[in-house]
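The values are calculated or read from the model by the stated rules, or taken from the named source; none is laboratory data. Owing to the predicted nature of the structure, the values given are computational and were not obtained by experimental measurement. Quick reminder, even Gly has a Cβ in these numbers, built from the backbone with ideal geometry, and neighbours come from all protein chains shown. These area figures cover heavy atoms from the full protein model, side chains too; ligands, DNA and RNA do not enter into them. Shrake-Rupley method; radii C 1.70, N 1.55, O 1.52, S 1.80 Å.
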Amino acid sequence: MRIFTGEEAKIIWENSREITPVRKLPSPHYSILRPGLQSNSKLPSPERIQSSKSGDFVKLIFSEPDIREAQWVQLTNKESGILWSGYVFEDPIGFKKLKINTRVEFHPLDIVDVRYKQDTIW
């Protein structure tokens, strides 16, 4: 697997956020929405996302047909290649299938915020 750095990585990062603003994951029950570059919120840098590790928290935007909500997911595995995995840390309000402790797989570009475990107070 090739690892991109510097300007090359920045171009790939920016282009991939533009290309895929919404992505359907294997779950038939919910989607994870990928933020675009036009997002109103400040997205974490590629370096901040890449420096996250197992036990840290990442925020993803989940969607079901009539609801959309950002949820914290506790990262458990980022070694499996393109998709990382973790467990929903909070109990989503209004979701029929997505619940606390649901295991989810996601791409790093789906992340809208990062909290390192040592900096987190709930």
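Each residue in the range 63-92 was checked for being more than 15 Å from Asp110 (Cβ to Cβ) and of a type in the set (A, V, I, L, M, F, W, C), and 2 pass.
Looking across the range 80-116, just one residue is touching a helix residue (DSSP H, G or I) at 6+ places or on another chain (Cβ under 9 Å) and open to solvent by 70 Å² or more (accessible area, probe 1.4 Å), and that is Ile82. Criterion first (closer than 15 Å to Pro108 by Cα, modelled with pLDDT of 50 or more, open to solvent by 40 Å² or more (accessible area, probe 1.4 Å) and of a type in the set (Val, Ile, Thr)) does Ile49 satisfy it? No: the conditions fail for Ile49. Considering Lys59, Lys24, Lys78, the condition of being among the charged types (D, E, K, R), closer than 21 Å to Thr102 by Cβ and at pLDDT 90 or above is satisfied by Lys59 alone.
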